[in-house]
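Following: one structure in structure tokens, then a few remarks.
The values are calculated or read from the model by the stated rules, or taken from the named source; none is laboratory data. The shown structure was predicted, so the numbers you read here are calculated from the model rather than taken from an experiment. Cβ placement follows ideal geometry from the backbone for every residue including glycine, while neighbour counts extend to all protein chains displayed.
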Amino acid sequence: MKGRSFLILLVFAFVCFSCRNSSNNNSQFVFPEADSVPVGEAEKLSTEAIEEIAKNISSPVEIANLLQSLAVPFSPDYLASSIDANRQTTLFEKAFTLGILGADLGYLNMYEKTGSSIDILSSIRKLAEGIRVGQFFDFETIKRLSLNKSNLDSLLFLSIDSYTQIDKYLRENDRGQLSALMIIGVWIEGQYLATQVMTEYPDPVLRDRIGEQKIILNDLIMLADPYCSRDTEFGVLCKDLQDIKEKYRDIRITYTLGEPVSREVDGALVVEQTETSVVEMTDEQLAGIIDITKNIRNKLIANN
């Protein structure tokens, strides 16, 4: 499953740093502390900025692609199997759970466990219809492709495209809080998958990807900030994100820019800026991130 070209359409947070290459260094940038970014400015985020945040986070398959590239075996124990879509009653619960299950669906499909994805698809359909976005899921086609492993590329594309359309529709129809919840759900489940794998299959690449989530997490907090005082459910979620952020506080990320690289894409010349990143994170800091991610994720899906 490595190298599927269409996956670059939506780059998930855990892999958006992985293609940075070493080159001749000409400058360095140290990512500032997350606290230096005024969260109150979130309400002033442009549509383009929100779309960029969503693109960097909302692909439900990229974390699984990374795990596969590291030769990590599939494990059903990582999935949020306790979730029952019938018990999600509020719009908050439905949108957030839709994100959680989207990440799990991507994980199953990337490992070609497509037969096992039928139950999750059924739950996703119920949740999507519950927030009135079921029209963006071609469930019958996705189900058929899930049972036919010969066309996995099409299945993955349809799954990703469905979530992309839902996100766009919600934001364009003044339901941005549901879009934010779905995106946060995807990120939390992806973070959980990565950190749980790290405990069983330690790898320096995965370790760095986890450390680099400090950047993405700050974007998530800004995305959620306008809704934190909306109700108790959102307030608790915002506090959870802040608690995770606290574990990232002293992690240092340094970027070194390299020489631009030119390549041809679909007949056009594309120039890409190369860079490398160095994540300074102690074992104790990593352990703290793993623990809080597990605790918060399991709390959020408990009694579901």
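Okay, here's what the table says:
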{"read-out": "Asp225 vs. criteria modelled with pLDDT of 90 or more, closer than 30 Å to Gly176 by Cβ, surrounded by 14 or more Cβ atoms within 10 Å (Cβ to Cβ) and in contact with a Leu (Cβ under 9 Å, 6 or more places away or on another chain)", "value": "no"}
{"read-out": "Top-ranked residue in region 241-261 [being in a loop (DSSP other than H, G, I, E, B) and without any contact (Cβ under 8 Å) to a residue 40 or more places away in the chain; ranked as farthest from Leu286 (Cα to Cα)]", "value": "Pro260"}
{"read-out": "Residue list for region 241-275, restricted to those being among the hydrophobic types (A, V, I, L, M, F, W, C) and closer than 25 Å to Phe96 by Cα", "value": "Leu241, Ile244"}
{"read-out": "Some residue of region 92-108 being modelled with pLDDT under 95 and more than 19 Å from the chain's Cα centre (by Cα)", "value": "no"}
{"read-out": "Enumeration of residues in region 255-298 that are under 17 Å from Pro202 (Cβ atoms), among the β-branched types (Val, Ile, Thr) and surrounded by 13 or more Cβ atoms within 10 Å (Cβ to Cβ)", "value": "Val279, Ile289, Ile290, Thr293"}
{"read-out": "Residue identified as among the basic types (Lys, Arg) and crowded, with 20+ Cβ neighbours inside 10 Å among Lys94, Lys143, Lys168", "value": "Lys94"}
{"read-out": "Residues satisfying the stated conditions in region 109-131, i.e. among the acidic types (Asp, Glu) and either modelled with pLDDT of 95 or more or closer than 16 Å to Leu170 by Cα (or both)", "value": "Glu129"}
{"read-out": "Only one of Gln191, Gln177 that is within 20 Å of Asn295 (Cα to Cα) and polar (S, T, N, Q)", "value": "Gln191"}
{"read-out": "Qualifying helices (runs of 4 or more DSSP H) (wholly inside region 160-240; at least 2 residues being of a type in the set (Gly, Ala, Ser) and either over 12 Å from the mean Cα position of the chain (by Cα) or more than 22 Å from Asp77 (Cβ to Cβ) (or both))", "value": "176-200"}
